[in-house]
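The values are calculated or read from the model by the stated rules, or taken from the named source; none is laboratory data. Every value quoted in this text rests on a predicted model; they were computed, and no experiment measured them. Glycine also receives a Cβ, built like all others from the backbone with ideal geometry; neighbour counts cover every protein chain displayed. Accessible surface is based on the protein model in full, side chains and every heavy atom, while ligands, DNA and RNA are left aside. Shrake-Rupley method; radii C 1.70, N 1.55, O 1.52, S 1.80 Å.
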Amino acid sequence: CGPCLRSMPDISKLQEKHRQNVTFIGVTRESEQKVTSFLEEESPDGQLWSDVITHRLATDLDGATNAAYMRAAGQRGIPCAFIVGRGGLIEWIGHPSRIDDPLRQVVDGTWNRDAEERRLTTKTRISQIRSSVRSFQRADQWELALSLIGQLEEELGSSTELTRMKLDVVEQAERPDEASEVRDELAELAWNDASTLNEIAWKMANRPEPTELDFALRIATRASELRENEDAMILDTVASVHYEMGNLQEAVETQRRAVDASGGREEFKKSLRKYVDAQQSKSEADRL
């Protein structure tokens, strides 16, 4: 599937980065023949998938791993990543795109397992009210949706998950002032969470009429710093914000770093060409 394919190159880069401490295993219920055929195909970047994917792959033909991990954890969507710590216990569960920060903390010994358990408890409670919130949103009953979220905040305290849900409601309700306040709250809660900061900035820069771009640049830059300015996806976001702000030189320079960090992925090259063309057009207009 598309999300799995997009995550695979990044997982291989993480395997290289943490090769002394971490073993990555990609598990599929597809047949070995299907996996082998896939690896012989060409990736979007022109390389064979066998060259792109450098972490281990395993098949789960009897479904035992799926039962022990996915079903046991109540996970239904793929891709889904699990971090198994040194003691053999699962430390974290989530989307591969969000694995960088918890993995770093597990490796360096700063991971707070109790805090993660609280996060998962919050996530479970959120999933229980999510359908009700969405029903209220579909009916344009914004106050009822926000009230339900507020009740859970009183029960569990503030969290990035609840605040993200609240932001979705006020944005859909087209309440820009409230949305701005909630974004500030979400950024403060997620100040050390590169994935969440990047998500906020990317959405802000890619709206039909982007606003508050100074704020978007600040949090995108923070996200990039958290990843030591080596994360291609976040560099791509920083470049996108610069482009929307009219900072074309910065957009081009940052996007070049994104292309390099991604190993030359075509989607990043396409954005680079767009920024270079815009820069050249501006230079020609200035000369005239």
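FRET efficiency for the R273 to E41 pair, using the beta carbon distance and R₀ = 30 Å, is estimated at 0.75.
The mean accessible area for residues of the stretch 101-248, using a 1.4 Å probe and ignoring ligands and nucleic acids, is 51 Å² per residue. Placing a label point 7 Å from the Cα of S147 along the Cα-to-Cβ line, the residues of the stretch 96-140 whose backbone N sits under 18 Å from it are 129-140.
The alpha carbons of the stretch 181-288 give a radius of gyration and a Dmax of 14.0, 48 Å, in that order.
At most 10 other Cβ atoms within 10 Å plus a DSSP loop assignment makes a site exposed; report the longest stretch of the chain without any exposed GluC sites (Glu not before Pro). Please list the in-between numbers first.
Values: sites that count: E40, E41, E174, E228.
Segment 42-173 is the longest.
Summed over qualifying helices (DSSP H, 4 residues or more, each -39500 (n - 2.57)) and divided by its residue number, the chain shows a 222 nm mean residue ellipticity of -20500 deg cm²/dmol. Within the stretch 15-75, none of the chymotrypsin sites (Phe, Trp or Tyr not before Pro) combine a DSSP coil assignment with at most 14 other C-beta atoms in a 10 angstrom radius.
With a/c under 1.5 counting as rounded, go ahead and sort the stretch 100-149 into rounded, prolate or oblate using the C-alpha gyration tensor (a ≥ b ≥ c being the square roots of the eigenvalues; past the cut-off, prolate if a/b is larger than b/c, else oblate). Intermediate results must be reported in sequence, preceding the final value.
On the way: a/c = 4.30, a/b = 3.28, b/c = 1.31.
Note, shape of the stretch 100-149 comes out prolate.
Computed from Cα atoms alone, the Kirkwood hydrodynamic radius reported for the stretch 1-128 is 15.9 Å. Distant-in-sequence amide contacts of W92, defined by a placed amide H-H separation under 5 Å and a gap of 5 or more residues or a different chain, comprise I83.
The lysine pair tally for the chain, using Cα distances under 24 Å and a gap of 8 or more places or different chains, is 13. In the chain, Cα pairs under 8 Å separated by at least six residues give a relative contact order of 10 percent.
Split the accessible area of the chain by element, probe 1.4 Å, and carbon with sulfur accounts for 47%.
Could you grab the relative contact order for the stretch 127-232? Cα pairs under 8 Å, six or more apart, rounded to a whole percent.
Numbers: 84 pairs, mean separation 18.2, N = 106.
Normalised by residue count, the contact order of the stretch 127-232 is 17 percent.
Solvent-accessible surface of the stretch 1-67, taken per residue with a 1.4 Å probe and all protein chains present: 66 Å².
Let a ≥ b ≥ c be the square roots of the eigenvalues of the Cα gyration tensor of the stretch 112-224; is it rounded (a/c under 1.5), or, if not, prolate (a/b larger than b/c) or oblate? Since a/c reaches 1.5 but b/c is at least a/b, the shape of the stretch 112-224 is classed as oblate.
Sort the stretch 1-75 into rounded, prolate or oblate with this rule: let a ≥ b ≥ c be the square roots of the eigenvalues of the Cα gyration tensor; rounded if a/c is under 1.5, and if a/c is not under 1.5, prolate when a/b is larger than b/c, oblate otherwise. The shape class here is oblate.
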